[in-house]
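Q: This is the structure, below, for whatever I ask next.
Every number in this text was worked out from the coordinates using simple rules, so none of it is lab data. On a predicted model such as this, the values are computed, not experimentally measured, just so you know. Cβ atoms come from the backbone with ideal geometry, glycine included; neighbour counts cover every protein chain shown.
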Amino acid sequence: MKIVVIGAGQVGSTVVEALHDEHELTVIDLDGSRLGPLSYRHDVSTIEGNGATRSVLLEAGIKEADLLIACSSRDEPNLIAAMLAKKLNPDVRAVVRATEVEYLEAWHERQLDVDLVVSSEIETAYAVSRTLGVPAARQTDVFAEGQVQIVEFDVEQTAGDHAVIGRPLREARIPADSKVASIIRGDSAVVPRGDQSIQPGDRVIVIGSPRAAQEWSSIIAGDRPRLDDVVVYGAGRIGVAVAEHLLRQGIRVRMIESDRDRARLVAEKLPDARVFNATGIDPDFLERERIGQSRAAIFAMRDDAKNHYAATLARIHGVGFTIAIVHEPISIEVFEQAGVDVAVNPRQLTAEELVRFAHDPRTQQVAMLEGDRYEVLDVTVRPESRLVNTRFRDLPMTGSLIGAIVREGKAIFPHGEDVLLPGDRVIVFTEARRAAEVEQAL
């Protein structure tokens, strides 16, 4: 597939990383210093220029392109580029990254002639909500209209004798309607065969029903109270989107914003939230407002260093579960080492949605895990696939794993005697480098 990517920032770089092996890419950016490293690492074509102009799009080969991904940091040039591309090539699919939620709403109302608009803020709000629902999870995503959940857990080093931890998987009491997709031990992945076991210090990726995800959360971290009282630090676009989503779920939300005018504006916009004009790091304020008694805190300020400090202080004052919104990839490891429970990268979430359009058209959803080393795909099985009418126990052992199938709208978690049928949607875990091969086999 010939793909034109506009924007070589963090989102664009993530898109290129995910797609360069299987596709012919041309990357456009106004900043030439961003293009050199991409071209060197991934052998992609680059153009320094404005991707929202006719001449640059033509130079990039838009008339022969199959897909345009407009993912620069500026909404309006992204939209102009996408709509201009579709005028120049009516057959090209065009997907757009936008930070303004109103553009997403306009697209839903079919007022924008593009194939997809992805809002970083909305994707982040969904990710935070899913994480609060499974508080032991390092990362989680949902497939099949919420019937299937992918969850990534870290097993504490102190985990001792257990019905699951330390036992061969064939003997372990694995929650019903779930499968262990992978065990990550250090820098390597362990194929979860029956004689393997989950050990303290492992990272485990599970595919299962939402109920099973909750059971796994209890296994990994014990029973925790429902996270129904949340403090959000930062009332920018992401903080507001997160707060709105949580309020709709009936969760009590308090917001902390240091800018007086912004705090007043958000208080008017979200009357059901309590908004404080404060820095959130003053000890007297923390004690007076009993911030430490909150079930969870979400740090959505615009600066990673401020989020890091505020999260550390909140934990000291008693907040039991912390989520940090990160803006630089390196911050993820810093937050994890500092004891923040979950780090969410809005750019990574946005890239996942954009990348989906570069997959086989039968692939409805994609989730990327472990720095894009692995992918979870939602793929519809072709009638002519050689795997059709094969029992699951007889499927070839390739390192990929079908964790669930969706048949007639209902999720099924298959066992060895179940048979793969034409038209099944399969939720499959695989190495990212093998994703195209898996799609082709199905």
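Q: For the stretch 99-168, which GluC sites (Glu not before Pro) pass both filters: DSSP loop (anything but H, G, I, E, B) and at most 11 other C-beta atoms within 10 Å? Let's see the in-between values first.
A: Values: sites: E100, E102, E105, E109, E121, E123, E145, E152, E156; in loops: E100, E109, E156.
Sites meeting the loop and neighbour criteria: E109.
Q: Now for a different question. Run the helix sum for the chain: -39,500 (n - 2.57) per DSSP H stretch of 4+ residues, divided by residue count, reported at 222 nm to the nearest 500 deg cm²/dmol. Walk me through the numbers on the way to the answer.
A: Working: 14 runs with 141 residues, N = 442.
One gets -9500 deg cm²/dmol as the mean residue ellipticity at 222 nm.
Q: Still on this structure: Mind listing the long-range amide H neighbours of F321? Cut-off is under 5 Å, sequence gap 5 or more, other chains count too, H placed in the peptide plane at 1.01 Å from N.
A: Answer set, sorted by chain and number: A297.
Q: Gap in Å between the Cα centre of the stretch 350-428 and the Cα centre of the stretch 264-304?
A: Using only Cα atoms, the two centres lie 42 Å from each other.
Q: About the Cα centre, and with charges only on the beta carbon of Lys, Arg (+1) and Asp, Glu (-1), how big is the dipole of the stretch 2-114? Nearest 20 debye, please. Present the calculation step by step, with values, prior to reporting the outcome.
A: Details: 11 positive and 19 negative charges, 44 e Å.
So the magnitude is around 220 debye.
Q: Can you spot the lysines whose alpha carbon is less than 16 Å from K86's alpha carbon? Ignore those fewer than 8 places along the same chain.
A: Straight-line reach from K86, under 16 Å: K2, K63.
Q: Continuing with this model, one more query. Whole Å is fine, so just give me how far the alpha carbon centre of the stretch 178-224 lies from that of the stretch 100-145.
A: Cα centres, the stretch 178-224 to the stretch 100-145: 26 Å.
Q: Straight distance only, please: which lysines reach the Cα of K410 with their own Cα at less than 26 Å, same-chain residues fewer than 8 apart left out?
A: List returned: K179.
Q: Shifting gears a bit: Which whole-number percent gives the relative contact order of the stretch 122-229, counting Cα pairs below 8 Å spaced six or more residues apart?
A: Details: 191 pairs, mean separation 33.0, N = 108.
The normalised contact order for the stretch 122-229 reaches 31 percent.
Q: Sorted from fewest to most neighbouring beta carbons within 10 Å, what does the list Y309, Y40, Y233 look like? Don't jump to the answer; show the numbers that get you there.
A: Details: Y309 16, Y40 9, Y233 28.
Ascending Cβ contact count within 10 Å gives the list Y40, Y309, Y233.
Q: Also, I was wondering about something else. Over all pairs of distinct alpha carbons, what does the Kirkwood formula give as the hydrodynamic radius of the stretch 173-235, in Å? Each step should come with its number before you reach the end.
A: Details: mean 1/r = 0.0732 Å⁻¹.
Kirkwood hydrodynamic radius for the stretch 173-235: 13.7 Å.
Q: I've got another one for you. Projecting each Cα onto the charge dipole of the stretch 1-109 (Lys/Arg +1, Asp/Glu -1 at the beta carbon, about the Cα centre), which of Y40, G9, A65 comes out farthest on the positive side?
A: It is A65.
Q: Which whole-number percent gives the relative contact order of the stretch 353-441, counting Cα pairs below 8 Å spaced six or more residues apart? Before the final figure, lay out each step's value.
A: Details: 160 pairs, mean separation 30.6, N = 89.
Across the stretch 353-441, relative contact order equals 34 percent.
Q: Where both residues lie in the chain, what percent of DSSP beta bridges are antiparallel, nearest 5? Could the numbers behind the result be given before it?
A: Numbers: 44 of 85 bridges.
Among the beta bridges of the chain, antiparallel pairing accounts for roughly 50 percent.
Q: Moving to a separate point now. What area, in nm² and to one decimal, does the C-alpha convex hull of the stretch 225-346 cast on average over all directions? Mind showing how you got there, number by number?
A: Values: hull surface 27.2 nm².
Mean projected area for the stretch 225-346: 6.8 nm², to one decimal.
Q: A follow-up question, please. What is the Cα coordinate range of the stretch 288-442 on the first, second and third principal axes, sorted by size from largest, in whole angstrom?
A: Taking the Cα atoms of the stretch 288-442, the three principal extents are 64, 28, 26 Å.
Q: Report Rg (one decimal) and Dmax (nearest whole number) for the stretch 170-290, counting Cα atoms only, units Å.
A: Gyration radius and largest Cα-Cα distance of the stretch 170-290: 20.5, 60 Å.
Q: What's the exposure ranking of K179, K86, going from fewest to most Cβ atoms within 10 Å? Let's see the in-between values first.
A: Numbers: K179 22, K86 18.
Result, fewest neighbours first: K86, K179.
Q: Once you have a ≥ b ≥ c as the square roots of the Cα gyration tensor eigenvalues for the stretch 352-405, tell me rounded if a/c is under 1.5, and otherwise prolate or oblate according to whether a/b is larger than b/c. Please report the intermediate quantities before stating the final value.
A: Details: a/c = 2.80, a/b = 1.49, b/c = 1.89.
Note, shape of the stretch 352-405 comes out oblate.
Q: Compute the relative contact order of the stretch 225-346 as a whole-number percentage, counting only Cα pairs closer than 8 Å that sit 6 or more residues apart in sequence.
A: Numbers: 229 pairs, mean separation 27.4, N = 122.
It comes to 22 percent, rounded to a whole number.
Q: While we're here: Dipole size in debye (nearest 20) for the stretch 343-430 around its Cα centre, Lys and Arg Cβ +1, Asp and Glu Cβ -1?
A: Working: 11 positive and 13 negative charges, 21 e Å.
Magnitude of the dipole: close to 100 debye.
Q: While we're looking at this one, here's another question. Placing +1 at every Lys and Arg Cβ and -1 at every Asp and Glu Cβ, with all other atoms neutral, what dipole size does the chain have around its Cα centre, in debye to the nearest 20? Intermediate results must be reported in sequence, preceding the final value.
A: On the way: 51 positive and 69 negative charges, 148 e Å.
Computed charge dipole of the chain: roughly 700 debye.
Q: So for W216, W107, fewest C-beta neighbours within 10 Å to most, what's the order? It would help to have the intermediate numbers written out before the result.
A: Numbers: W216 24, W107 20.
Taking fewest neighbouring Cβ atoms as first place, the list is W107, W216.
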